[in-house]
Each structure stands twice: as structure tokens, then as C-alpha cells.
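Read the structure below first, then the notes.
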Amino acid sequence: MKLFNKYGVKRMVTTCPHGYNTFKNRYGQTSFEVQHHSQLLASLIENGKLKLSKELNKKVIYHDPCFLGKQNGIYDEPRKVIESIPGVELLEFDRSRERSLCCEGGGGRMWVDIPGPRLAEIRVQNAVDAGAEILAVACPFCLLTLEDAVKTTGFEEKIKVMDIAELLALAL
């Protein structure tokens, strides 16, 4: 924290909900604002600082990362980002927000060999069953875990996993 103070950091923007949670809740009082990138992007869109001009015409389903949603109550901002993209239809999982199914990425279970279907594979199957073309995330652990699950389930031609920032960039 001394280094951040030394350089006069005013705001930290994280792409990782785990890092966000650590700086926001674990390190105690900081002299700077801590934001998740979904919050920053939603604010930039709301304030008219990001102009989205390209229409995507895609069905997108959003996966709530555990540390962003359940641990920090951030559910609306990622959805606002997705909904702001022209031509996007936002779908919801049956289990979303507080009831969201964990992808097992943040807990390190992606490296553990377990019998039967993994939660990430179940999540990908749910997304495909819902008719989604893109499975949007706001966490690098979820991104890696769900991308791997797309491959292990053989759905590479049916669905793509993207961070909300990547999705947003397509509309700029």
C-alpha cells in the first residue's frame, strides 16, 4: 500500500473479482478508489463517454463470477454493459445472480481431476441449451475455466466465451 500511496494512485481498476475483493475488502482502508472493470465500463457508457456504433446481433448469456456477485454484490453493472451493445439479446441462466453456479475456476478446482461432469461443463451446457451464442464473463478465472469447458464438451462451433470488455470492444 505504501507504493500506491507514494505514486499518488487515485483509482485501481481490476479485471479480476478476486483482486477487486482483496483490495476492496481485505487490505482495509485504502487511499484510493477500487473498481471492477464492469463498474468503470458501465459508468463510461452511462456518462456517454463510450459510443457503441456496431451492432452485434448475438444472443449473450452472462455468468456471474462468485467473487464479483456473491462476495461483493455486483450484479447489475456487467449486465448494463452487455445490454448497452446494439443488437445484443441478453439471456439469463436459470441460476443467476445470488443463485449462480460456480465455474470452479477461482477455487483452483480446474487443476483437480474429478470424476463426472465439471460445474463449468454443466454451465456451458446450460448456456447452449438457452440458445446463447456468447457466454460472457467478468473474471479471468471464469474465462479460462469456461473456455476449457467449451472444448471438453465439444461446443466450439456453438458458443464462444468472452470477457465483457472484449464483447464491448466489438461494438466500438
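Backbone amide hydrogens, once placed in the peptide plane, bring residue 161 within less than 5 Å of 135, excluding anything fewer than 5 places away on its chain.
Please compute the net charge surrounding residue 88, taking Lys and Arg as +1 and Asp and Glu as -1 over other residues with Cβ under 15 Å from its Cβ. Combined, the nearby Lys, Arg, Asp and Glu give -1. About its Cα centre, the dipole of the range 51-170 is roughly 140 debye, where the only charges are +1 on Lys and Arg Cβ and -1 on Asp and Glu Cβ. When each of 158, 49, 70, 2 is scored by the number of other beta-carbon atoms lying within 10 Å, the sequence from fewest to most is 2, 49, 158, 70. From the Cα gyration tensor of the chain, with a ≥ b ≥ c the square roots of its eigenvalues, which class applies: rounded if a/c is under 1.5, or else prolate if a/b is larger than b/c, or else oblate? Here the chain falls in the oblate category.
For residue 58, the residues whose amide H sits under 5 Å from its own are 88, 89, ignoring neighbours fewer than 5 places away on the same chain, with H placed 1.01 Å from N. Between amide H atoms placed 1.01 Å from N, distances below 5 Å from residue 35 occur with 12, 13, 14, all of them 5 or more places distant or on a separate chain. Ordering of 130-136, 86-92 by packing is 130-136, 86-92, highest average first (other Cβ atoms within 10 Å, averaged per residue). Using the Cβ of residue 76 as centre and a radius below 12 Å, the other residues enclosed give a net charge of -1, where K and R count +1 and D and E count -1.
Read-outs: derived from the displayed coordinates by stated rules, not from any lab. Quick caveat: nothing in here was measured; it's all calculated off a predicted structure. So basically every Cβ, Gly included, is an ideal-geometry build from the backbone, and we count neighbours across all protein chains shown.
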